[in-house]
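*Asks:* Structure below; questions to follow.
Read-outs throughout are calculated quantities, based only on the coordinates presented, and are distinct from any laboratory measurement. Owing to the predicted nature of the structure, the values given are computational and were not obtained by experimental measurement. Every residue, glycine among them, receives a Cβ derived from its backbone with ideal geometry; neighbour counts consider all protein chains shown.
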Amino acid sequence: MMSGNNWLKWLSAVSGMFAAMGAANAGQPINMPVGVTDISANVYDMHMIAFWLCVWIAVLVFAVMFYSMFAHRKSKGYTPATFHESTTVEAIWTTIPFIILIALAIPATKTLVEMEDTSDYDLTVKITGYQWLWHYEYIDEGVDFYSVLNTPRSQINGEEAKTENYLLEVDKELVLPVGKKVRFLITANDVNHAWWVPDLAVKKDAIPGFINEAWTKVNTPGTYRGQCAELCGRDHGFMPIVVRVVEQAEFDQFLADNTTLEKDGAEYAAVTQ
Amino acid sequence: MSTVATDDHHDDHQESPYSIKRWLFTTNHKDIGTLYLWFSFIMFLIGGVMALVIRTELFEPGLQFVDPQFFNSMTTMHAIMMIFGVVMPAFTGLANWLIPMMVGATDMALPRMNNWSFWILPFAFAMMLSTLFMDGGGPAGGWTLYPPLVLQTGDALPFVILSMHFMGLSSIMGAINVIATILNMRAPGMTLMKMPLFVWTWLITAYLLIAVMPVLAGGITMLLTDKFFETSFFNAAGGGDPVMFQHIFWFFGHPEVYILILPSFGVVSSIIPTFARKPLFGYASMVYATGSIAFLSFIVWAHHMFTVGMPLAGELFFMFATMLIAVPTGVKVFNWVATMWRGAMTFETPMLFALGFIIMFSIGGFSGLMLALAPVDFQYHDTYFVVAHFHYVLVPGSIFAIIAAVYYWLPKWCGNMYNEGLGKAHFWLSTIFVNLTFFPMHFVGLAGMPRRIPDYALQFSDYNAMATYGAFGFGLSQLLFLYLVIKAIRGGEKATSQVWENAEGLEWTLPSPPPYHSFTTPPVIK
Ligand SMILES: [Cu+2]
């Protein structure tokens, strides 16, 4: 039998372990980014509401449980009660969670409806996933290009020191104008992929033969990095996404400097080398 | 009550445990239960080694040890081993050992089928493992087998599919046997609402198995014909739809998730009252909650695929239905806490594992509720946050419940007590390491690390290293479990019939170990 003291010792050891986990890693992110769009901020808020709700329910339930584990033990000579049901109590703890869920569902529904509203866009970019790179096409502007990981092989194999944006860097970034509603048409050419940029809170599967829609409207210029999120074969971990959001003038210049690729097999083969 | 051949004459010359023939041809529920449990443990070691290969590669950024393709086949195989080879057979093993004793029967209703449903498994898994050595390697498209990717598998594909058919066949036969036993072999006076909760949860699980294993079989057969017979079920170019496979798969897959957890609820509902010395709180609501969870499990499947581009109405439906599951699950947890409340608790190893189950399964439940929220799921989906979630419900969830069950019933099975001090050490080591492994995965997932990648960006390195230390610690701790079980089987302090001070149920009225044929005359139910 474990004494009360032993219990406390274990508990403090375990909580110490978690505290050390937090302290030792102050530098690395442990939470969802707030992101740079209104939607991503909404999503972050929903996430934090749900998180704290869970934390409080957990604290409440576990507090009762731990109190019981300390107080109602045989070693303290406690005589067991014999009750084994109570319709009132059971009705209460069925109803209250139900009400909490409704309170949670309302803001979630609102955010979801906004996310799915792809109307009134200013610009359309078609995104196609390949094993293992992305193709971007500004449909009405006649510009398209492939975007491939450009972290050197030597870094991956550990022959050279890894640099800051290891595995999250590409040869050609997707350039978007700030403050404009951009619609994405997402598809794939071989197997399923998923286009995901956490700071935009956009994640949508790219499925061969089907076109999915998503949209974003970025508030702050900057460079935002993401990855393919659906297992797509050997180099699934090596097809990052980089989005550079710029002022309109710079975006116009970017369009002027780029043209349509010859999308023939040779070009694709050259890129995939 | 149907009269099933009781084979009484076997009692006299039960064969030696060292004879291969005894185990190969056995139709005895205890022998078959033992076979299932040992099989499950061996698969646990193999699946565990695969997990350690994954964790070793992920110890630090960069490609160090394995090829990415092999890495993918490790994640795929690890899941298949742990789900179909460990948790499901372990539960079937427990069902075999316990259900006849709990309902007051001699044996399972269909003993010959019982033998067959076990002996299919070693062949199925030998075939599955052999695919690792085939041209093109083992399956590497994830255990979810999504096309078109899975159709790029090399020679392994038909063998993978055939072996999954065998596993499904084995599960369905096991489920039929459980249902037939529970519905036909209960001792007179044992009405349905007097059955122990372990029996109830298994009855419901068995119906889930029969309902969904054929759906999986249909889906993977369509993969086979798409690959070899020019059909286009999942090929858009031929008029098919790759997303349809995901719907079929998760129509199986979501109930499957509950197949992997409902019997755990039954185990925990048996253990808590014993060590709280107080009857289970809310027996009837436990039964209804299990039924509701099983029903809801059929209408929430698409929450696994919020990102495939469903219509808004579909996303809303699956979000609401999924959130509803929190209600019956909450009822269960509250009932367990109410059972403990004002009891007179002691904390032997089975109780520790059961309490660990309640707390850590709840943590997985909370992240499950967060995942149900579709707009936020777009951020969580296919990240390590999901990996953390389902490992919390499966490892300190299902696996802890299975371990708790073994400690709880082992003295009954073999007649000897295990070493309590080492059992407690096993619990604390497992608990510390399981959290060290899986808790940091929440962090990297939220921070943006996708699942199923062999290499990752630098900001994920610390928590991945931590998870790797945890995984090795957890793996090694399980060797202590193996040692404890073997030691108890070979000898030790003799157990009484009741084993635990307050254990209630028919199995505790039989001697420890129980006779080869459990109840040759039906017990009297008060
Ligand atoms: Cu991809």
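*Asks:* Taking B:K194 as the anchor, which aspartates and glutamates have their alpha carbon closer than 16 Å to its alpha carbon, excluding any fewer than eight residues away along the same chain?
*Replies:* Leaving aside aspartates and glutamates fewer than 8 places away in the same chain, those within reach of B:K194 are A:E85, B:E504, B:E507.
*Asks:* Still on this structure, please answer the following. Run the dipole for the protein assembly as shown about the Cα centre, Lys and Arg Cβ at +1, Asp and Glu Cβ at -1, nothing else charged, and hand back the magnitude in debye, nearest 20. Please list the in-between numbers first.
*Replies:* Details: 39 positive and 59 negative charges, 763 e Å.
Here the size comes out at about 3660 debye.
*Asks:* Is there a pair in B:K21/B:K227; B:K424/B:K494; A:K126/A:K162; A:K74/B:K526; A:K172/A:K217; B:K278/B:K424 whose C-alpha atoms are over 30 Å apart, and which pairs would that be? If you can, show how the numbers build up before the last one.
*Replies:* Details: B:K21/B:K227 41 Å; B:K424/B:K494 19 Å; A:K126/A:K162 32 Å; A:K74/B:K526 28 Å; A:K172/A:K217 21 Å; B:K278/B:K424 23 Å.
From the list (B:K21/B:K227; B:K424/B:K494; A:K126/A:K162; A:K74/B:K526; A:K172/A:K217; B:K278/B:K424), the Cα-Cα distance tops 30 Å for B:K21/B:K227; A:K126/A:K162.
*Asks:* Pick out which of A:A256, A:A194, A:A63 has the largest mean-square fluctuation in a Gaussian network model of chain A, springs linking Cα atoms closer than 10 Å.
*Replies:* For chain A, modelled as a Gaussian network with Cα springs under 10 Å, the answer is A:A63.
*Asks:* Indicate the gyration tensor shape class of the range A:58-162 (rounded, prolate or oblate), computed on the Cα atoms with a ≥ b ≥ c the square roots of the eigenvalues: a/c under 1.5 is rounded; otherwise a/b larger than b/c is prolate and the rest oblate. Provide the component values of the computation, followed by the final result.
*Replies:* Values: a/c = 6.18, a/b = 1.98, b/c = 3.13.
The shape class here is oblate.
*Asks:* Continuing with the same structure: Running a GNM on chain A with Cα contacts under 10 Å, which residue among A:K110, A:K217, A:K126 ends up with the highest mean-square fluctuation?
*Replies:* A:K110
*Asks:* Next up: Report, in whole Å, the centroid distance computed from the Cα atoms of the range A:86-122 and the range B:161-219.
*Replies:* One Cα centre to the other: 34 Å.
*Asks:* Please identify, among A:D205, A:D144, A:D257, the residue showing maximal mean-square fluctuation in a Gaussian network model of chain A using a 10 angstrom Cα cutoff.
*Replies:* Checking each option, the largest mean-square fluctuation is seen for A:D257.
*Asks:* Show which aspartates and glutamates lie in cross-link reach of B:K487 when reach means a straight Cα distance below 15 angstrom and same-chain residues fewer than eight apart are skipped.
*Replies:* Within the straight-line limit of under 15 Å, B:K487 reaches these aspartates and glutamates: B:E420.
*Asks:* Can you return the aspartates and glutamates within cross-link range of B:K30? Criterion is Cα-Cα under 12 Å, with same-chain partners fewer than 8 residues away left out.
*Replies:* Within the straight-line limit of under 12 Å, B:K30 reaches these aspartates and glutamates: B:D107.
*Asks:* If you don't mind, another one. What is the sum of charges, Lys and Arg at +1 and Asp and Glu at -1, for the other residues whose Cβ falls under 11 Å from the Cβ of B:N96? Working shown, then result.
*Replies:* On the way: positive: B:K30; negative: B:D31, B:D107.
Once positives and negatives cancel, what remains is -1.
*Asks:* Long-range amide H contacts for A:W134: which residues qualify at under 5 Å (H placed 1.01 Å from N, peptide plane, sequence gap of 5 or more or a different chain)?
*Replies:* A:S147
*Asks:* Could I ask something else about it? Tell me the volume per residue, in Å³, of the convex hull enclosing the alpha carbons of chain B. Please report the intermediate quantities before stating the final value.
*Replies:* Numbers: hull volume 78.1 nm³, N = 526.
Taking only Cα atoms, chain B has a hull volume of 148 Å³ per residue.
*Asks:* How large is Rg over Rh for chain A, taking Rg from the Cα atoms and Rh as the Kirkwood inverse mean of 1/r across Cα pairs?
*Replies:* Dividing the radius of gyration by the Kirkwood radius yields 1.13.
*Asks:* Determine the shape class of the range A:178-259: with a ≥ b ≥ c the square roots of the Cα gyration tensor eigenvalues, call it rounded for a/c under 1.5, and otherwise prolate if a/b is greater than b/c, oblate otherwise. Working shown, then result.
*Replies:* Details: a/c = 1.87, a/b = 1.78, b/c = 1.05.
It is prolate, given that a/c is not under 1.5 and a/b is the larger ratio.
*Asks:* I want the local charge near B:A465. Using Cβ-Cβ distances under 13 Å, sum +1 for each Lys or Arg and -1 for each Asp or Glu among the other residues. Could you put the intermediate results ahead of the total?
*Replies:* Working: positive: B:R55; negative: B:E57, B:E60, B:D462.
Net local charge, B:A465 excluded: -2.
*Asks:* Here's another thing I want to ask about it. Where in chain B is the longest stretch that carries no chymotrypsin sites (Phe, Trp or Tyr not before Pro) classed as loop by DSSP and with at most 13 other Cβ atoms within 10 Å? Walk me through the numbers before you get to the answer.
*Replies:* Numbers: sites that count: B:Y18, B:F65, B:F229.
No qualifying site falls inside B:230-526, the longest such stretch.
*Asks:* Still on this structure: What percent antiparallel are the DSSP beta bridges of the protein assembly as shown, to the nearest 5? Walk me through the numbers on the way to the answer.
*Replies:* Details: 33 of 46 bridges.
Percent antiparallel among DSSP bridges in the protein assembly as shown is about 70.
*Asks:* Still on this model: Using the Karplus equation 6.51 cos²θ - 1.76 cosθ + 1.60 (θ = phi - 60°), what ³J(HN,Hα) coupling, rounded to whole Hz, does each residue of the range B:313-320 give in order, writing x for Gly and Pro?
*Replies:* With the stated coefficients, the range B:313-320 comes to 4, x, 4, 5, 4, 5, 5, 4 Hz.
*Asks:* Less than 15 Å Cβ to Cβ from B:G421, Lys/Arg counted +1 and Asp/Glu -1: what total charge do the surrounding residues give? Provide the component values of the computation, followed by the final result.
*Replies:* Details: positive: B:K424, B:K487; negative: B:E348, B:E420, B:E493.
Its environment carries a net charge of -1.
*Asks:* Given axes a ≥ b ≥ c from the Cα gyration tensor, I'd like to know whether the protein assembly as shown is rounded (a/c under 1.5), prolate (a/b larger than b/c) or oblate.
*Replies:* Working: a/c = 1.98, a/b = 1.65, b/c = 1.20.
Prolate.
*Asks:* Same structure again: Amide H of A:W215: which non-local residues (sequence gap of 5 or more, or other chain) have their own amide H closer than 5 Å, using H built in the peptide plane?
*Replies:* Under 5 Å from the amide H of A:W215 lie the amide H atoms of A:F184, each far enough along the sequence or on another chain.
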